[in-house]
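J.: Before we start, here is the structure in question, set down as structure tokens.
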Amino acid sequence: MNSKEKTFSGVSAEAEQSAAKRIETPIRGPNKSAAMVETIIGCKWSLTVYQLLDEGVNRPGEMVRKVEGLSTKVLNQCLRRNMDFGILEKISYPEVPPRVEYAVTPFGTKFMRVIDSLKILQEEIEPIDETLGSGDHSPED
């Protein structure tokens, strides 16, 4: 069947292929970056993992031992999510027993600068919130 022929649904095969590509196309642009920031900030452990990596702790077992309350399962989910976004990369060594380490990618370094900027912005906002919270700003009756 050539791409101009109609399929059973009455739509050309070319149109169906185009629609299928649009469905499979991942989110790009500002929507993807906003979703990424929201997902990472919403993850309780991502920022902790970044701090551990910055301190040179790059093996999962060591991360779990250093952070009270962090389970292997949750850490693996967190690491996988960060790898999916391209923030972290997994390095596997062909040794017995197997050794795995995680490292920040070049993109991850850029992303962490954004996170640091958000942290600075939050620190600037907190005094404003405290000032607004100290007075009685209720509407007059």
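The values are calculated or read from the model by the stated rules, or taken from the named source; none is laboratory data. Since this is a predicted model, take the numbers as computed values, not measurements. Please note: Cβ atoms are built from the backbone with ideal geometry, for glycine as well, and neighbour counts cover all protein chains shown.
J.: Do we have Lys90 as basic (Lys, Arg), surrounded by 10 or more Cβ atoms within 10 Å (Cβ to Cβ) and at pLDDT 95 or above here?
T.: In short, yes.
J.: In segment 65-103, what count of residues is obtained for those that are closer than 20 Å to Glu55 by Cβ and either touching a residue at least 40 places away in the same chain (Cβ under 8 Å) or part of a strand (DSSP E or B) (or both)?
T.: Counting residues in segment 65-103 that are closer than 20 Å to Glu55 by Cβ and either touching a residue at least 40 places away in the same chain (Cβ under 8 Å) or part of a strand (DSSP E or B) (or both) gives 11.
J.: Quick test for you: out of Arg81, Arg99, pick the one residue that is modelled with pLDDT under 95, more than 19 Å from the chain's Cα centre (by Cα), charged (D, E, K, R) and surrounded by 11 or more Cβ atoms within 10 Å (Cβ to Cβ).
T.: Arg99
J.: What number of residues within segment 104-115 satisfy the criterion of being without any contact (Cβ under 8 Å) to a residue 60 or more places away in the chain and either assigned to a helix (DSSP H, G or I) or of a type in the set (Asp, Glu) (or both)?
T.: Summing the residues that are without any contact (Cβ under 8 Å) to a residue 60 or more places away in the chain and either assigned to a helix (DSSP H, G or I) or of a type in the set (Asp, Glu) (or both) in segment 104-115 gives 6.
J.: In the list Thr39, Thr109, Thr48, Thr105, which residue meets the criterion of being at pLDDT 95 or above and of a type in the set (S, T, N, Q)?
T.: Thr105
J.: For segment 19-36, what are the residues that are surrounded by 11 or more Cβ atoms within 10 Å (Cβ to Cβ) and modelled with pLDDT under 80?
T.: Within segment 19-36, Ala19, Ile27, Lys32, Ser33 qualify.
J.: If you go through segment 41-64, how many residues are over 18 Å from the mean Cα position of the chain (by Cα), surrounded by fewer than 13 Cβ atoms within 10 Å (Cβ to Cβ) and part of a helix (DSSP H, G or I)?
T.: Looking only at that region, the number is 1.
J.: Separate question: Tell me the residue from Asp136, Asp129 that is more than 25 Å from Ser33 (Cα to Cα), loosely packed, with under 10 Cβ neighbours inside 10 Å and at pLDDT below 95, please.
T.: Going through Asp136, Asp129 in turn, the sole match is Asp136.
J.: In segment 44-64, what count of residues is obtained for those that are of a type in the set (S, T, N, Q), closer than 19 Å to Arg113 by Cβ and touching a residue at least 24 places away in the same chain (Cβ under 8 Å)?
T.: Residues meeting the conditions: 1.
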